[in-house]
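Data first, discussion second: the structure below is written as structure tokens.
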Amino acid sequence: MKRFSRLLQYILPAALLCALVPGRPLAASEKGTIVVVSFDGMKNDYVHEHKKELPHLNKIMKHGFDAKDITAVYPSLTAASHASIATGAKPEKTGLVSNAFHNKNFKLTETEDAFWSALDVPAIWSEGRKHGKVTATICFPGSNPEVSKAHADYAIYYKDTFAKSDLVHLTFRPAKGWNNAPKSRKPLKEAVYRLKLKGAKNRTIHVLAAALHHDAYDLFYFSDNKTIEDKDARVGVNQWGSFTLNENHQPAGFWFKMKKTDRTLSKAEMYRTAVTSAAIKGPGDFAKTINSLFGFFPVDEDLDAFKKGWITRTEYEDISTRFAQWVQNVSLFIKDRYKPDLLMFYEPQIDHEEHAYLSTDPRQPGYSDKKAKTYAARIRWAYQLADHTVGKTLQSLGENDKLFVVSDHGMEPMHTGLSPNYELKKHGLLVLKKNGEIDLNRT
């Protein structure tokens, strides 16, 4: 493992925040897992300034070591930076030069999504496999097993989003034709919800409302065949539930909550998250094991729904926390069950919050002291969620395991922006043809 450890130490320092290496130095024959967890957007200065609020990160810095001089790659964006963390190469070598980039000979308006692109140079998980090491990646940008054969032995990544989130208005009528229906203090009512799925067959979901304990409808059953079974979701008002689908031979699903009802169910609203799935690659029954133990791959956030007023801030945090815990629990399960030499996993919540709420400069549009205080609390929540993940990971470490906490970039507040191509086009200095290509003769 010495050669593999040296390779890891070469790759990581540019993005390393802190690391904990428990126990004594390893001999080459000893077994242990190198764990690399990346928190998107985690600011090195923020961690140091708020270390009292982040006890597990503080423990690593106090008892392990942390980087003092950090230089990000350019551009310091998520896909480009993670590609460099994984390979030790700069973006011009990895091929991932931005989160989305324009390829030569393509229209200016056509871009390629870096999160669904293959690396041009080998990543550490594929190099490790070449040297007989067992590797695992969970949601780590650049590790998508759908676009590269050079993936880790155990690989999990974002896959299809079959439907965006929605606020659904349900119309209830007297229930008919249900099997195994529960007893109810009020006449059973039903609603039909037709779920439109992108790239898959649309689904019809039946909702049965019952009044079990009170004179108001207090329990809702969700079924695809109007037969109440143990596997079917059932929730009360303002309780989270989940619904699992099997689309294109892959488990998918969504979480939902009955938001508003009245005594007669003349008004009923249900919030539904996006319908999401994961790409899972591994030997034997690995995919089946993950799906059966942890359920479908949940959506990682829904800021749009929060801004629209569909969900509360607490419910938004529920969604983000559910994703963070899914990734954490799956990653540590893989570590315990399959004992990889290298385990790399990724959490995006800090990046989501800072993009939306980093308000610290009075020159920023809409800035106010009150808003800045509210926004700071939301960012603090994301860091504390990350710290919780670090704590759980620390608890999982054995004597021969090593933990590296990394980040792809920090973040600063932006108050003024300039788009060169927009300005050039506005002033007639850049001209496009009807098909979107640049008219070089007129530009």
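Observations, loosely collected:
- Overall form of the stretch 220-366 per C-alpha gyration tensor (a/c, 1.5; a/b vs b/c): oblate
- Anisotropy class assigned to the stretch 351-431 is oblate, per the alpha carbon gyration tensor with a/c at or over the 1.5 cut-off and a/b no larger than b/c.
- Sum of side-chain charges, VAL37 neighbourhood, beta-carbon under 15 Å (Lys, Arg +1; Asp, Glu -1): -3
- Percent carbon-and-sulfur accessible area, the chain, ignoring ligands, DNA and RNA, probe 1.4 Å: 50
- Using a Gaussian network model of the chain in which every pair of alpha carbons under 10 angstrom is joined by a spring, one finds that among LEU303, LEU332, LEU429 the greatest mean-square fluctuation is at LEU429.
- Residues whose amide H falls under 5 Å from that of THR227, counting only those 5 or more places apart or on a different chain, are ASN179, with hydrogens built in the peptide plane.
- Cβ-placed point charges (K, R +1; D, E -1), dipole of the chain about Cα centre in debye, nearest 20: 880
- Loop GluC sites (Glu not before Pro), the stretch 205-293 (other Cβ atoms within 10 Å of the site Cβ: 16 or fewer; DSSP): GLU229
- The stretch 70-134-the stretch 305-349 distance, computed between alpha-carbon centres (Å): 23
- The relative contact order of the chain, computed from alpha carbon pairs under 8 Å that lie at least 6 residues apart in sequence, is 23 percent.
- Local electrostatic count, GLY95, Cβ distance below 14 Å [Lys/Arg +1, Asp/Glu -1]: -1
- Summed side-chain charge close to ASP218 - residues other than ASP218 whose Cβ falls under 12 Å, Lys, Arg +1, Asp, Glu -1: +3
- In terms of its C-alpha gyration tensor, the chain comes out prolate, because a/c is 1.5 or above and the ratio a/b outweighs b/c.
- Its DSSP H runs of at least 4 residues, each contributing -39,500 (n - 2.57), put the calculated 222 nm mean residue ellipticity of the chain at -9000 deg cm²/dmol, to the nearest 500.
- A simple spin-label model places the labels of ARG194 and GLU423 5.1 nm from each other, with each point 7 Å out along Cα-to-Cβ.
- Ordering TRP326, LEU432, SER84 by the projection of their Cα atoms onto the charge dipole of the chain, which places +1 on the Cβ of Lys and Arg and -1 on the Cβ of Asp and Glu, puts TRP326 at the extreme positive end.
- Per residue accessible area of the stretch 359-443, 1.4 Å probe, in Å²: 62
- With each label modelled as a point 7 angstrom along the Cα→C-beta vector, the HIS102-LEU212 pair spans 5.8 nm.
- Charge dipole magnitude, Cβ of K and R +1, D and E -1 - the stretch 270-340, Cα centre, debye nearest 20: 240
- In a DSSP loop and with at most 16 other Cβ atoms within 10 Å, the trypsin sites (Lys or Arg not before Pro) in the stretch 341-408 are ARG363.
The values are calculated or read from the model by the stated rules, or taken from the named source; none is laboratory data. For clarity, every value in this text was computed on a predicted model and none was experimentally measured. For neighbour counting, all protein chains shown are included, and Cβ atoms are generated from backbone atoms with ideal geometry for every residue, glycine included. Side chains included, ligands, DNA and RNA excluded: accessible areas come from the protein's heavy atoms. Shrake-Rupley method; radii C 1.70, N 1.55, O 1.52, S 1.80 Å.
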